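For reference, the structure is listed below as structure tokens.
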Amino acid sequence: MLDRVKFKLNCMNIHSVSTQPFPDQKPGTSGLRKRVPVFQQRNYLENFVQSIFDSLEGYQGQTLVVGGDGRYYNRQAIQIILKMAAANGFGRVLVGRGGILSTPAASCVIRKNKAFGGIVLSASHNPGGPEGDFGIKYNIGNGGPAPEKVTEAIFDRTKTIEGYQILEVEDVDLDGLGTAQLGEMTVEVIDSVADYAELMESIFDFDRIRQLFAADFRLCVDSMHAVTGPYAKTIIEEKLGASAGTVINGTPLEDFGGGHPDPNLVYAHELVDILYGENAPDFGAASDGDGDRNMILGRRFFVTPSDSLAVLAANAKLVPGYSGGLAGVARSMPTSAAVDRVAEKLGIDCYETPTGWKFFGNLMDAGKVTLCGEESFGTGSDHVREKDGLWAVLFWLNILAVRQQSVEDIVREHWKTYGRNYYSRHDYEAIESDRANTLIENLRAKLASLPGRKLGNYTVDYADDFSYTDPVDGSVSNKQGIRIGFTDGSRIVFRLSGTGTQGATLRLYLESYESDPAKHDIDPQEALGELIEIADEVAQIQMLTGRDKPTVIT
Ligand code: G1P
Ligand code: ZN
């Protein structure tokens with residue numbers, strides 16, 4: 001019989017391992033994210049996991065889902081979590097084979113198996129490897145990230161925790177499907193892809209997509225050596241019949257092949273080169289480290305995430321899973337208003353939420369929205385409670401299969417109908433926190449004086465610091481970003497990143513609206529040129545940050 005072992009930590013350890021977890025990071029949005037060597041410190045992960053368990057009630061004998069994006073330390077962390085879950089009294093753990101579960105697949109498995117919750121190991125799009133990042137977050141029974149009251153309880157617990165419970169046993173074999181017994185707890189190693197693939201098959205018209213692939217349609221899906229490889233190969237190549245080799249970089253590697261698995265025009269350059277090169281395929285897509293973000297490309301054509309959300313909403317009825325129409329849509333505040341125009345035409349509600357996926361969860365649980373998205377390459381629906389990269393890819397493929405037009409033609413037609421929301425985000429990374437805070441404070445002080453003022457060719461309609469009242473639970477989130485709206489529908493938004501790890505990151509979001517199709521062919525930086533100047537004038541970006549240009553433009 002195996003004994004539960006309770007480890008007592010000495011005071012020194014409690015201090016060094018228990019007080020670090022959250023303070024330098026906004027608790028809540030993405031769990032705990034640190035560099036691998038931090039997680040490898042003695043008892044560090046154990047303390048955090050025990051703090052999660054200590055903050056939950058009623059999980060005895062229940063099911064926990066565990067999996068991650070396969071990055072360095074994933075396997076070691078899973079062994080620790082399994083032994084701790086057994087010692088703490090869980091009845092069953094479902095773990096993805098090889099420790100692999102994409103973030104949306106984890107959400108799917110939690111929901112499908114009515115699990116108590118899940119632990120997802122990932123640092124999303126951040127680089128991995130022995131010196132890279134690692135992360136852990138807790139998802140609740142609806143499949144979504146734990147709400148703030150839970151993450152705060154976990155955080156509080158990390159400050160007082162004095163020990164943890166772990167079963168002293170051999171490691172579990174994660175590479176074969178099947179069941180193992182850890183003390184009184186059962187571990188089931190499950191197929192990482194099956195439940196998720198089944199869910200996708202229930203939403204999309206696989207036959208139609210198969211026909212598309214059987215014709216001369218060509219595509220390239222870049223998994224960036226991250227978690228979506230097995231999912232994309234099974235669904236797109238095996239089930240839908242795309243030719244072998246359609247999925248590139250499809251084997252998850254612990255260091256993502258040394259790359260930065262963030263699907264945007266900068267980091268997914270291999271895919272971009274293919275889609276903009278000679279003999280380019282018809283469609284290209286990439287996803288991030290843990291599979292929740294996506295980028296969509298047509299032949300020599302980039303679809304902004306904001307436009308992608310709008311196109312999906314406008315065409316949702318073409319997809320079996322949404323043929324009954326949408327309850328409503330939601331977008332994060334800095335995401336362009338392209339989807340708002342679609343919602344208006346469809347006569348459905350459109351919610352504007354603060355940045356971060358957690359705000360969508362309440363709306364979906366309450367049945368108020370079906371589709372939602374963020375400008376940061378995140379799109380999703382109420383099929384799970386995370387954003388979902390591969391789902392977005394399949395949604396596009398379903399639309400393409402039905403409409404038999406190119407990606408570019410579909411987007412251009414969309415602009416013709418709804419107008420084009422030119423959009424760009426400028427990031428100023430790793431600036432001094434004091435300077436960033438001064439910039440935001442200065443802007444706040446100016447807000448009241450802006451409405452009615454003429455700035456270049458634009459007239460300020462409103463200026464505020466975005467505040468959100470959750471329509472479901474009434475909770476209020478203040479100071480979510482400075483918005484300056486102009487009378488023609490153009491906008492400038494300023495906010496500080498909540499996920500950056502070095503200094504502060506200032507994000508400047510720019511959006512202008514153009515209804516005239518004759519003017520839909522301008523380079524976005526040019527179309528937004530005057531707004532970019534106005535933003536600098538109003539916020540004194542160059543002077544206060546000491547930078548003459550952004551670090552990243554998307
Ligand atoms: C960034 C994105 C945001 C996304 C978050 C987690 O947060 O901008 O849309 O929800 O990552 O993936 P930020 O660094 O801007 O706070
Ligand atoms: Zn991610």
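The values are calculated or read from the model by the stated rules, or taken from the named source; none is laboratory data. Here the structure is a predicted model, which is why all the values come from computation and not from measurement. Note: ideal-geometry Cβ built from the backbone for every residue, glycine included; neighbour counts use all protein chains shown.
Tell me, yes or no, whether the stretch 404-417 has at least one residue that is within 28 Å of residue 527 (Cβ to Cβ) and either modelled with pLDDT under 95 or not in a helix (DSSP H, G or I) (or both). Working first, answer last.
Pass one, the stretch 404-417, residues within 28 Å of residue 527 (Cβ to Cβ): 405-417.
Next cut, either modelled with pLDDT under 95 or not in a helix (DSSP H, G or I) (or both) only: 405-406.
Yes, there is a match, as at least one residue in the stretch 404-417 is within 28 Å of residue 527 (Cβ to Cβ) and either modelled with pLDDT under 95 or not in a helix (DSSP H, G or I) (or both).
For (1) β-branched (Val, Ile, Thr); (2) over 13 Å from the mean Cα position of the chain (by Cα), each residue gets a yes or a no:
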| site | (1), (2) |
| --- | --- |
| 378 | no, no |
| 401 | no, yes |
| 405 | no, yes |
| 411 | yes, yes |
| 432 | no, yes |
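Quickly run through the stretch 283-305 and pick out the residues that are part of a loop (DSSP other than H, G, I, E, B) and within 13 Å of ligand 2 (Cβ to nearest atom).
Correct list: 288, 289, 290, 291, 292.
With respect to residue 229, determine if the residue is within 23 Å of residue 377 (Cα to Cα) and not in a strand (DSSP E or B). So residue 229 fits the description; yes. So, residue 131, is that one within 27 Å of residue 224 (Cβ to Cβ), touching a residue at least 40 places away in the same chain (Cβ under 8 Å), surrounded by fewer than 18 Cβ atoms within 10 Å (Cβ to Cβ) and more than 16 Å from ligand 1 (Cβ to nearest atom) or not? Yes, satisfied.
Set side by side, the residues 293, 299 differ, and just one is within 27 Å of residue 255 (Cα to Cα) and touching a Ser or Thr at 6+ places or on another chain (Cβ under 9 Å), which is 293. Tallying residues that are aliphatic (A, V, I, L, M) and in contact with a helix residue (DSSP H, G or I) (Cβ under 7 Å, 6 or more places away or on another chain) within the stretch 83-114 yields 8. Name the single residue that is farthest from ligand 2 (Cβ to nearest atom) among those in the stretch 363-394 being acidic (Asp, Glu) and surrounded by fewer than 24 Cβ atoms within 10 Å (Cβ to Cβ). Per the stated criteria, the residue is 365.
Candidates are the residues of the stretch 322-333 that are in contact (Cβ under 8 Å) with a residue 12 or more places away in the chain and out of contact with any Asp or Glu (no Cβ under 9 Å at 6 or more places or on another chain); the one that is surrounded by the fewest Cβ atoms within 10 Å (Cβ to Cβ) is 325. If you check residue 408 against the conditions, is it surrounded by 14 or more Cβ atoms within 10 Å (Cβ to Cβ) and of a type in the set (D, E, K, R)? For residue 408, the condition - surrounded by 14 or more Cβ atoms within 10 Å (Cβ to Cβ) and of a type in the set (D, E, K, R) - is met. Which residue pairs have Cβ atoms closer than 7 Å, lie 6 or more positions apart in sequence or on different chains, and pair a first residue in the stretch 383-411 that is in contact (Cβ under 8 Å) with a residue 24 or more places away in the chain and closer than 24 Å to residue 144 by Cα with a second residue that is more than 16 Å from ligand 1 (Cβ to nearest atom) and of a type in the set (D, E, K, R)? Taking only residues 6 or more apart or on different chains, the pairs are 384/111.
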